[in-house]
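What follows is a set of notes on a single structure, which appears directly below.
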Amino acid sequence: MGEKSTLLTFLRAQRESVLAILDGLGEEALTTAVLPSGWTPLGMVEHLGDAERHWFQEIVTGTADPLPGGPAPRSPEAVFARYREQCRRSDEIFAATPLSAPPRGRHPGPLGDEITDLRAVVLHVIEETARHAGHLDVVRELLDGRTGLGPR
């Protein structure tokens, strides 16, 4: 297995963990904040979809479709569908771009200086997704006591 396929395998495993951890939760649990920060499991999935869009579209390609507008809350089905769609689009960009390709967009702040190629982008997205999957593990345990729900 080459480096690119290894990175994609680890990224997909983290994405699958997020979905597996939340599988079976109803809308009430998905929209319940149980940590002091106030975010909800559904809000975290929305954030992860936005992160996929930001890093692979805005940063790697320099362009991105507009964010969905409106303050109205979206259904869990819509949020999960959007997350899966953003992951699919990220995979397409990843497949079509060499690991050494410099980004066409720039992330603000110090992290932007560290992101010098697609390799750094995918490593960052793996890190961010894994970190938030860990948050979701804790939230799931607090909601219904279930643990160890990831695919590995």
Going by the structure shown, is D65 modelled with pLDDT under 95, among the acidic types (D, E) and either open to solvent by 60 Å² or more (accessible area, probe 1.4 Å) or more than 23 Å from D144 (Cα to Cα) (or both)?
-> yes
Which of (1) closer than 19 Å to R84 by Cβ; (2) without any contact (Cβ under 8 Å) to a residue 40 or more places away in the chain; (3) open to solvent by 10 Å² or more (accessible area, probe 1.4 Å) is the odd one out, the single condition H47 does not satisfy?
-> (2)
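How many residues does the stretch 102-116 contain that are more than 19 Å from Q14 (Cβ to Cβ) and either surrounded by 16 or more Cβ atoms within 10 Å (Cβ to Cβ) or in contact with a strand residue (DSSP E or B) (Cβ under 7 Å, 6 or more places away or on another chain) (or both)?
So the count comes out to 3.
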Which one of these is part of a loop (DSSP other than H, G, I, E, B), touching a Gly at 6+ places or on another chain (Cβ under 9 Å) and closer than 29 Å to V138 by Cα: A13, A33, A64?
-> A33
Any idea which residue in the stretch 12-44 is nearest to R89 (Cα to Cα), counting only those that are open to solvent by less than 40 Å² (accessible area, probe 1.4 Å) and among the hydroxyl-bearing types (S, T, Y)?
-> S17
Any chance M1 is of a type in the set (A, V, I, L, M), surrounded by fewer than 15 Cβ atoms within 10 Å (Cβ to Cβ) and touching a helix residue (DSSP H, G or I) at 6+ places or on another chain (Cβ under 8 Å) = yes
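The values are calculated or read from the model by the stated rules, or taken from the named source; none is laboratory data. Computed from a predicted structure; not experimentally measured. Cβ coordinates were reconstructed from backbone atoms using ideal geometry, including for glycine residues, and neighbour counts include every protein chain displayed. The accessibility values were calculated without ligands, DNA or RNA, using every heavy atom of the protein model including side chains. Shrake-Rupley method; radii C 1.70, N 1.55, O 1.52, S 1.80 Å.
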